[in-house]
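The values are calculated or read from the model by the stated rules, or taken from the named source; none is laboratory data. Remember, predicted model here, so these are calculated numbers, not experimental data. Cβ sites come from the backbone with ideal geometry, for glycine too, and all protein chains shown count toward neighbours.
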Amino acid sequence: MPFTVRDFRDLIRILEKHPEWQAELRRLLLTDELLALPELIRELVNIQRQTAERLLALGQHVQALAEAQRRTEERVSRLEEQVQALAEAQRHTEEQVRALAEAQRRTEERVSRLEEQVQALAEAQRHTEEQVRALAEAQRRTEERVSRLEEQVQALAEAQRHTEEQVRALAEAQRRTEERVSRLEEQVQALAEAQRRTEERVAALAEQVQALAEAQRHTEERVSRLEEQVQALAEAQRRTEERVAALAEQVQALAEAQRHTEERVSRLEEQVQALAEAQRRTEEQVRALAEAQRHTEEQIRAMVEVQRRMEERVQTLADKLGDVQGQVLEWHYREHAPAYFDDLLRRIHVLSTQELAHLLDEPLAKGVISRAERKDMLMSDVVLRGRRWADGAEAYLIAEISVGIGEDDVERAVRRAELLERALERPVIAAVAGRGITPQASILARERGVWRVLDGTPIAPEE
């Protein structure tokens, strides 16, 4: 026998008397997925709460990491500025060192030239002294030779027989006179060569002695000039020694400055090395921070992926829950159709899918509707047959049931009502039913003449 509304009410009363039977009934009526749905929702709420807490903590961690990253970037910027300033100072120092090296090189070249000049001057001084000593020695020998020559001339006047010995002695002495008394040596040599012309050469010898005296005078003048030159040279030597001493002091000061510069350069090198080491450590810290940032981003991406999957599961569960709510609501309106649609029709009969299919077979055979249109009408949520209150004429009603009524529900109700009216050639009322309706759908329902039934309360299209 069919399960009537009264049987359903009896079942509800029995279940109210025996609450322990409700769980068994739910187990029989609902699937395992629907039974597990509350627990899944609770787990989802807990997971969502934990995810929100983790995301909040992660956001704080990311914010702290961003702040640390900003401070690190500021420190790196300051380090870059310091390195740049240090590089600039290093460049200036290198330029100063190069300039100092160039000055040192020029100084060394000047000192080398001075040393060479001093050495040459010392050598010239030595040669000059040797020449002076040689001149003094030659002068002494010349004076001795002149004395001997005078004695020889007197001896020649006194005794011819000693002439030959005196001429040989004079020739030997004349040989040592060097170039400045060469003419006298030639005359003495001529006396030695030809003794037979001795008497004739005595007169010539007197002339030569006079010329020798003149040469001696010139020699003395030259010696005087040499003495003046030697004195001037000594004065120049003294000034040179003073300049060399001053240069030596300057070179010593420059060497001291060079030593200080080298010490400063050494300290700068140590500072640069320390800075390079600090830069290396900073780069390692930056790389570690970048690696931590990468891990954090991966964790965030993983969390986002988990969140996305959770949202998908939640959406799936929500869709399933919506389908379940829609099915329950549809069953509820089908079971309580006479109460909910009583203001529209009386003597209401809810058509089953089989009954509706049987009614649509003839219009399909006649070509009034197509198979696609027949299938569209068979997908209707609720189809009623009854009589209008006004004239008692037979009429139908098609209702689209949805928890939240939207514009698509209104359009489907209008479309299917028009198709059913064309197929059965009977008036058909279009209606939508649910717990709520969007403002756009409500406006559209008024425009298309569709009844709205909200929580069991019917609303006419014109209202």
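Restricted to region 310-406, the set of strands (runs of 3 or more DSSP E) holding at least 2 residues that are at pLDDT 90 or above and more than 15 Å from residue 426 (Cβ to Cβ) comprises 345-350, 394-401.
Rundown of residues vs (1) assigned by TED's automatic domain parsing to the domain that holds residue 454; (2) exposed (fewer than 12 other Cβ atoms within 10 Å of the Cβ); (3) over 60 Å from the mean Cα position of the chain (by Cα), yes/no style:
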residue	(1), (2), (3)
325	no, no, no
329	no, no, yes
340	yes, no, yes
351	yes, no, yes
363	yes, no, yes
375	yes, no, yes
386	yes, no, yes
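Candidates 368, 403: the one that is within 60 Å of the chain's Cα centre (by Cα) and assigned by TED's automatic domain parsing to the domain that holds residue 429 is 403.
Being in contact (Cβ under 8 Å) with a residue 12 or more places away in the chain and over 21 Å from residue 334 (Cβ atoms) is a property that residue 363 has.
The residue that is surrounded by the fewest Cβ atoms within 10 Å (Cβ to Cβ), among those in region 430-463 that are of a type outside the set (Lys, Arg) and assigned to a helix (DSSP H, G or I), is 439. Residues in region 347-392 that are closer than 20 Å to residue 418 by Cβ and touching a Pro at 6+ places or on another chain (Cβ under 7 Å): 1 in all.
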